[in-house]
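Reading through the structure tokens given below for one structure.
The values are calculated or read from the model by the stated rules, or taken from the named source; none is laboratory data. Keep in mind it's a predicted model, so treat the numbers as computed, not measured. All Cβ positions, even for glycine, are placed from backbone atoms using ideal geometry, and neighbour counts span all protein chains on display. Note: accessible area is taken over every heavy atom of the protein model, side chains too, but ligands, DNA and RNA are not part of it. Shrake-Rupley method; radii C 1.70, N 1.55, O 1.52, S 1.80 Å.
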Amino acid sequence: DRYLSGLDKSRKSFSEKIRRLSLNFTGVNEEFLEELMVILLEADIGIHTAQKIVDAVENTAMDRKLKNFDEIVECLIEEMAKMYNAKEDREFEFNDQGPTVILMVGVNGSGKTTTTAKLSKLFLDQGKTVAVAAADTFRAGAIDQLAVWAERLNIHCIKGRENGDPSAALVDGCRYAVENKIDVLIGDTAGRLQNKTNLMNELSKMHRVVEREIPGAPHEVWLVLDATTGQNGISQAELFTEACNVTGIILTKLDGTAKGGIVIAIRDRLGLPVKYIGLGEKLDDLRPFDLDAYLYSLCE
Ligand code: GDP
């Protein structure tokens, strides 16, 4: 299964450690909880979230008088799932009044452009019509990079002008999408991060112009985060969530890290759902995030 194989690094690391933990398991005692804490920290769950999970495992194990190691692992999965609390999430919905507009935000190098292409492919596979707006006018080459992906996908790419105003490309994109009755418009925006005020101004302008073109847009603002940047990435993400109304996270490069626990940390610290995960550089390497499959593949 490709969902699982992209997570090989995280899975091997986590499940091997859990298996080692089972070898000298005598019960949910201090030693066990300490070792569990270390495993969670090494998976990049973050101290704050890890502590909550360890406490919860301890309490549940006591309450239910769990003795068997497999039951404890089930309990761990359960507590991680609770920490994630997927029930609160609003499902992604297409706008049936016109184009659904999705803005991709994030710092340079996080995988915005590649993920814009991968997402386009997912929507095309669902039978939707898609166009992309290359509004990353900041990173040299980003516009051409997206145009090349678009050509391969046989979709229209509305190109911004390098060093120009990203909002201009988004406006053009919206107009194209409306005129051509396109289902989904994905805007690849600039990942400039000099300071918070600047970022806020730029992002709020993008919001404003898109909303003026298409009422209710942007329907989603997805923050693209590189999983290999770990806890630092989360701090950076906080800047974006303060600067604009981010509605979800796309976590890229999970194939390149053993620190798969970052998913739980993101959720706990940012309060945002992980919508998709990136598991490679190819067009097909983007998966909708499935919490249960994810947790089971980590702990299996
Ligand atoms: P941008 O600056 O945010 O637009 O970043 P790019 O889309 O150009 O991606 C930066 C690099 O990360 C490229 O070499 C991509 O191929 C790579 N990349 C993006 N997503 C993934 C992923 O899920 N896994 C791996 N291994 N590489 C990725």
ask   = Stretch residue 232-residue 78 to full length: gain in nm at 0.36 nm per residue minus the Cα-Cα span?
value = 52.8 nm
message = As a test, work out the antiparallel percent of DSSP beta bridges whose residues both lie in the chain, rounded to the nearest 5.
response = 10 percent
ask   = Can you give the accessible area per residue of the chain, in Å², using a 1.4 Å probe?
value = 46 Å²
Furthest towards positive pole of dipole, 147, 99, 47, structure part segment 1-157, Cβ charges = 147
note = Once the dipole of the chain is set up from charges on Cβ (+1 Lys and Arg, -1 Asp and Glu), the residue from the list 138, 24, 207 lying farthest towards its positive end is 138
ask   = In percent, what relative contact order does the chain have, based on Cα pairs under 8 Å that are 6 or more apart in sequence?
value = 25 percent
ask   = For segment 77-145, what % of the accessible area comes from carbon and sulfur atoms, probe 1.4 Å?
value = 48 percent
note = Expressed in nanometres to one decimal, the distance between label points 7 Å along Cα→Cβ at residue 140 and residue 212 is 3.2 nm
note = Per residue, the convex hull enclosing the alpha carbons of segment 88-130 has a volume in Å³ of 101 Å³
request  = Report ³J(HN,Hα) in whole Hz for each residue of segment 256-264, in order, from the Karplus equation J = 6.51 cos²θ - 1.76 cosθ + 1.60 where θ = phi - 60°; Gly and Pro get x.
outcome  = x, 9, 9, 9, x, x, 4, 4, 5
Cα centre as origin, Lys/Arg/Asp/Glu Cβ charges: the chain dipole, Debye = 680 debye
Lysine pairs within segment 40-134, Cα separation less than 23 Å, 8 or more sequence positions apart or different chains = 9
key: Paired Rg and Dmax values of segment 1-82, which use every Cα atom, in angstrom   = 12.7, 38
task = Give me the Debye-computed log₁₀ of I(q)/I(0) at q = 0.14, 0.19, 0.22, 0.23 Å⁻¹ for segment 183-300, equal point scatterers on Cα only, no solvent, two decimals.
result = -0.64, -1.09, -1.33, -1.40
remark   = Rounded to the nearest 10 Å², the accessible area of residue 37 using a 1.4 Å probe with every protein chain kept is 30 Å²
ask   = Between residue 175 and residue 20, what is the label-to-label distance in nm when each label sits 7 Å out along the Cα-to-Cβ direction?
value = 6.1 nm
message = How tilted is helix 30-42 with respect to the longest principal axis of the chain? Cα atoms for both, answer in degrees (0 to 90, nearest 10).
response = 20 degrees
request  = Using the Karplus curve 6.51 cos²θ - 1.76 cosθ + 1.60 with θ = phi - 60°, work out ³J(HN,Hα) for each residue of segment 235-249 in order, rounded to whole Hz, and write x for Gly and Pro.
outcome  = 4, 5, 4, 4, 4, 5, 5, 7, 7, 7, 7, 5, 9, x, 10
inquiry  = Run the numbers for residue 38 and residue 200: contour at 0.36 nm per residue of separation, minus the present Cα-Cα distance, in nm.
reply    = 54.6 nm
message = On alpha carbon coordinates alone, what is the Rg over Rh value for segment 119-201, Rh being the Kirkwood radius?
response = 1.00
key: Debye log10 I(q)/I(0) for the chain, one point scatterer per Cα, at q = 0.07, 0.08, 0.13 Å⁻¹   = -0.29, -0.38, -0.87
remark   = Once phi for every residue in segment 198-203 is put through the Karplus expression 6.51 cos²θ - 1.76 cosθ + 1.60 (θ = phi - 60°), the whole-Hz ³J(HN,Hα) values, with Gly and Pro written as x, are 4, 4, 4, 4, 5, 5
Length released on extending from residue 296 to residue 128, taking residue separation times 0.36 nm less the Cα-Cα span = 57.3 nm
